[in-house]
Amino acid sequence: MARLLINGGNRLNGVIKVQGAKNSMLPILAATVLCKGENVIHNCPDLADVSSTIRILRYLGCCVRREGDTLIINADKMDRDDIPDTLMREMRSSITFLGAVLARTGRVRLTFPGGCELGPRPIDLHLKALRKMGAQIDERHGVLDCTAPDGLSGAKISLSFPSVGATENVILAAVLAHGTTVITNAAREPEICDLSDFLNACGAKIYGCGDGVIVIDGVDELSCTSHSVIPDRIVATTYMSAVAASGGKLLLKNIIPSHLNGIVPIFEESGCEISFLGSDLSLNVPKRIHSVKLIRTMPYPGFPTDAQAPVMAMLAVADGTSVFVENIFESRYKHVGELIRLGASIKVEGRVAVVEGVRHLSGAPVMAMDLRGAAALVVAGLAAEGTTEISGLRHIERGYEDIEICLAQIGACIKKV
Ligand code: UD1
């Protein structure tokens, strides 16, 4: 079993180029089944979740090849409409194939998706919306058998929560539907805009992404395009947290500054200096960061739930007490027990975590339980004195490309064994 060994305590200094966004990549790959011809997707990170999505595409009969960080996908010969349970369970975003395959073939059979265990992760909003668009969904023995006997039709979809996955599924189902779909209280995450930019470049008519109300006029068919995936704002935040916890200076390349609006004020409150120049971000960390009064995770443009764990690891060594309120997922504090093994002082009650900053963490063997929790352990391990050994690396590999290489290049003593 691979593990990460970190000898903490080094100040970190240097440049990291931020990888493409996993959460954009996956729905865009699912969307390629709607297109005719060859799609060329650039800035594709080499991640376990991307490999799992490619396995689904190949299972469905699509041709996929990788050339460096470019993926070339041709779905013209797709000849299946089912996805086996083993592939569905690999990650949460396998559920975006629900809308995509249904729109392409009028039928899809699949099971409930896997992904990080962050408490219950229902898909009721996805199913309700697709039913409203004309899908008949039969749920039996854990299998979702979906058909659209009369095709999918545009509908007014009002989401009770701005779910990222449900918004993506409705967009995917609506681009080839008859008539117009309007999604109110849609998710506004940049990854939704990236998906719609990709689809619009293929001939879709999607308006209003990023605004909360999305209008989609169905078209008869989609062609193909060449698209570059947006940078990963959560990976960017993770590297910023690592440097803020360890001390030093970081230049992040390939970011979109506005995508970090929800996290920059937190770093500034902790005493870090941040400046932007084009698509570069520079972070200058004080001798010791201060605590941050209150961090509440919110849908975009608020503070992202995916950044909660790495930022908590950073504030574990801050001067003073910080309070987190996790509003998106019920059970997203699995990293806390492991941070405590490293010497952090954190108390959790329900959705609230109180982090009393300590001067020093001390290295220990720890176990990653989920993707962003794993990133938090890396951040803490880098700041801790002595050796931290992180097992459960498969979680990190789902979302971070070459994390040990990126961190070693800014001065961390870290290796995969
Ligand atoms: C996506 C991201 C994930 C991120 C999350 C919130 C991907 C692959 N994953 O996950 O990294 O943490 O957005 O920003 O893009 N909900 C329901 N019913 C539903 C759907 C969602 O109750 O049908 C609830 C969920 O349980 C959760 C909240 O809504 O409490 C947010 O979920 P959602 O926005 O759908 O997250 P995901 O798309 O699963």
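The values are calculated or read from the model by the stated rules, or taken from the named source; none is laboratory data. All figures in this text were calculated on a predicted structure; none of them were measured in a lab. Reconstructed Cβ throughout: ideal geometry from the backbone, glycine too, with neighbour counts over all protein chains shown. Protein only, heavy atoms only, side chains kept; ligands, DNA and RNA dropped before computing areas. Shrake-Rupley method; radii C 1.70, N 1.55, O 1.52, S 1.80 Å.
General observations
- Within the stretch 18-34, tally of residues that are out of contact with any helix residue (DSSP H, G or I) (no Cβ under 8 Å at 6 or more places or on another chain) and open to solvent by 40 Å² or more (accessible area, probe 1.4 Å): 0
- Condition check for Ser362: in contact with an Asp or Glu (Cβ under 6 Å, 6 or more places away or on another chain), in contact (Cβ under 8 Å) with a residue 12 or more places away in the chain, among the hydroxyl-bearing types (Ser, Thr, Tyr) and away from the ligand (no atom under 16 Å from the Cβ): yes
- Any hit, the stretch 302-314, residues being at pLDDT 95 or above, in a helix (DSSP H, G or I) and farther than 23 Å from Arg332 by Cβ: no
- Where a residue in the stretch 392-417 is at positive phi and its partner, wherever it lies, is outside any helix (DSSP H, G or I), with Cβ under 6 Å and at least six apart: Gly392/Met367; Gly392/Ala368; Gly411/Asn10; Gly411/Leu12; Gly411/Asn13
- Single residue of Asp124, Asp85 found to be within 29 Å of Lys334 (Cα to Cα) and away from the ligand (no atom under 16 Å from the Cβ): Asp85
- Residue match in the stretch 330-352 (condition: in a strand (DSSP E or B), modelled with pLDDT of 95 or more, of a type outside the set (S, T, N, Q) and touching a helix residue (DSSP H, G or I) at 6+ places or on another chain (Cβ under 6 Å)): yes
- Residue in the stretch 299-307 that is touching a strand residue (DSSP E or B) at 6+ places or on another chain (Cβ under 6 Å) and under 26 Å from Ser391 (Cα atoms) present: yes
- Any hit, the stretch 398-405, residues being farther than 16 Å from Val235 by Cα and either in contact with a Pro (Cβ under 6 Å, 6 or more places away or on another chain) or open to solvent by 10 Å² or more (accessible area, probe 1.4 Å) (or both): no
- Members of the stretch 154-180 found to be open to solvent by 80 Å² or more (accessible area, probe 1.4 Å) and within 13 Å of the ligand (Cβ to nearest atom), listed by number: Ser160, Phe161
- Tally of residues being within 16 Å of the ligand (Cβ to nearest atom), touching a Ser or Thr at 6+ places or on another chain (Cβ under 9 Å) and within 13 Å of Gly106 (Cβ to Cβ) across the stretch 138-153: 0
- Per-region count, the stretch 65-100, residues surrounded by fewer than 21 Cβ atoms within 10 Å (Cβ to Cβ), touching an Asp or Glu at 6+ places or on another chain (Cβ under 6 Å) and at pLDDT below 95: 0
- Conditions (1) outside the structural domain of Glu273 (by TED's automatic domain parsing); (2) out of contact with any Lys or Arg (no Cβ under 9 Å at 6 or more places or on another chain); (3) aliphatic (A, V, I, L, M): number failed by Leu250: (1)
- Considering the stretch 322-352, and only residues there that are within 25 Å of the chain's Cα centre (by Cα) and small (Gly, Ala, Ser), the residue that is farthest from Arg296 (Cα to Cα) turns out to be Gly337.
- Positions within the stretch 35-45 being open to solvent by 10 Å² or more (accessible area, probe 1.4 Å) and either out of contact with any strand residue (DSSP E or B) (no Cβ under 8 Å at 6 or more places or on another chain) or under 15 Å from Leu195 (Cα atoms) (or both), in sequence order: Val40, His42, Asn43
- Where helices (runs of 4 or more DSSP H) sit wholly within the stretch 184-301, those with at least 2 residues that are open to solvent by 30 Å² or more (accessible area, probe 1.4 Å) occupy 190-201, 264-269.
- If you go through the stretch 323-349 and keep only what is more than 20 Å from Val292 (Cβ to Cβ) and open to solvent by 60 Å² or more (accessible area, probe 1.4 Å), you end up with Glu330, Lys334, Arg341.
- The single residue among Phe329, Phe324 that is within 12 Å of the ligand (Cβ to nearest atom), of a type in the set (A, V, I, L, M, F, W, C) and more than 23 Å from Asn7 (Cβ to Cβ) turns out to be Phe329.
- If you check Val317, Val355 for being part of a strand (DSSP E or B), surrounded by 15 or more Cβ atoms within 10 Å (Cβ to Cβ), within 26 Å of the chain's Cα centre (by Cα) and not acidic (Asp, Glu), only one passes: Val355.
- Of all the listed residues (Arg58, Arg109), the sole one being surrounded by fewer than 23 Cβ atoms within 10 Å (Cβ to Cβ), more than 16 Å from the ligand (Cβ to nearest atom), assigned to a helix (DSSP H, G or I) and not aliphatic (A, V, I, L, M) is Arg58.
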